[in-house]
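The values are calculated or read from the model by the stated rules, or taken from the named source; none is laboratory data. Fair warning: this is a prediction, and the values are worked out from it, not measured in the lab. Here Cβ is always computed from backbone atoms with ideal geometry, including for glycine, and neighbour counts include all displayed protein chains. Calculation scope for accessible area: heavy atoms of the full protein, side chains included, ligands and nucleic acids excluded. Shrake-Rupley method; radii C 1.70, N 1.55, O 1.52, S 1.80 Å.
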Amino acid sequence: MIYETYSPEETFEIGKKLAQKTGAGEIICLNGDLGVGKTVFTQGFAVGLDITENVNSPTFTIVQVYDEGRVPLYHFDVYRIGDPEEMYEIGYEEYFFGDGVCLIEWSNLIEELIPEGSTKVIIEKDMTKGTDYRKITVEGKNEDIGN
Ligand code: ADP
Ligand code: MG
């Protein structure tokens with residue numbers, strides 16, 4: 001499914017709605033260039049899981065855990081990962097195959113570790129449609145967030 005947004009608030013809302021359809025054990029892969037809106041999307045996603053704590057990009061850690069929502073959120077940002085091997089060092093399987101929801105920014109960098117059946121979200125700009133336009137492609141079993 002393709003969603004189009006024209007403001008950060010609308011992108012936030014798409015994240016929130018997707019989270020409301022997402023249950024324990026699911027993995028959301030989030031990709032797109034720097035500054036495209038991945039953090040905005042993730043903040044909406046957290047709110048959709050009833051997390052009230054502010055969510056930011058986990059700059060110095062690969063994964064940040066938010067425990068106070070409807071289900072735990074494991075927020076990964078693997079942008080700075082040098083080698084997928086580092087994922088083993090943090091024990092990523094505990095999260096990927098655990099009882100929470102994983103949202104993985106820059107999942108493309110660890111493609112070989114992403115389980116089948118994960119939901120894919122890609123955010124893209126299109127300058128011909130304005131600076132605030134974003135095309136959000138969602139692929140996976142919860143992709144229809146409208147109902
Ligand atoms: P990323 O995490 O992908 O690097 P951020 O979410 O931190 O990107 O930043 C996205 C920036 O783009 C913010 O400054 C936000 O206000 C701006 N922006 C403008 N239009 C949109 C939109 N439609 N959706 C999301 N962000 C937008
Ligand atoms: Mg970010």
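Tabulated results
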read-out: Stretch gain in nm, segment residue 141-residue 90, where the contour uses 0.36 nm per residue and the Cα spacing is subtracted; value: 15.6 nm
read-out: Cα centroid separation, segment 2-57 to segment 80-107 (Å); value: 18
read-out: Degrees, to the nearest 10: 38-48 long Cα axis against longest axis of the chain; value: 80
read-out: Cleavage-rule hits, trypsin sites (Lys or Arg not before Pro), segment 47-126, DSSP coil, Cβ neighbours within 10 Å at most 14; value: 80
read-out: Relative intensity, log₁₀ I(q)/I(0), of segment 53-147 from a Debye sum that treats every alpha carbon as a point, q = 0.12, 0.16, 0.19 Å⁻¹; value: -0.46, -0.80, -1.06
read-out: On Cα atoms only, tilt of 8-20 relative to the major axis of the chain in degrees; value: 50
read-out: Residue 4 - accessible surface, heavy atoms, 1.4 Å probe, Å² rounded to 10; value: 90
read-out: Rounded to 5, the percent of DSSP beta bridges in segment 24-147 classed as antiparallel; value: 45
read-out: Gyration tensor (Cα) of segment 1-119, equivalent ellipsoid semi-axes in angstrom; value: 21, 16, 13
read-out: With DNA, RNA and ligands ignored, accessible area of residue 67 (1.4 Å probe; Å², nearest 10); value: 110
read-out: Cβ-derived FRET efficiency at R0 41 Å, residue 70 paired with residue 124, nearest 0.05; value: 0.90
read-out: Chymotrypsin sites (Phe, Trp or Tyr not before Pro) restricted to segment 1-86 and DSSP loop, no more than 15 other C-beta within 10 Å; value: 6, 60, 79
read-out: Rounded to the nearest 10 Å², the accessible area of residue 118 at probe 1.4 Å; value: 20
read-out: Sites residue 9 and residue 34 - FRET efficiency at Förster radius 30 Å, r taken between beta-carbons, to 0.05; value: 0.90
read-out: Under the Karplus curve 6.51 cos²θ - 1.76 cosθ + 1.60, θ = phi - 60°, whole-Hz ³J(HN,Hα) for segment 124-137, x wherever Gly or Pro sits; value: 9, 8, 8, 4, 5, 9, x, 5, 9, 6, 9, 9, 10, 9
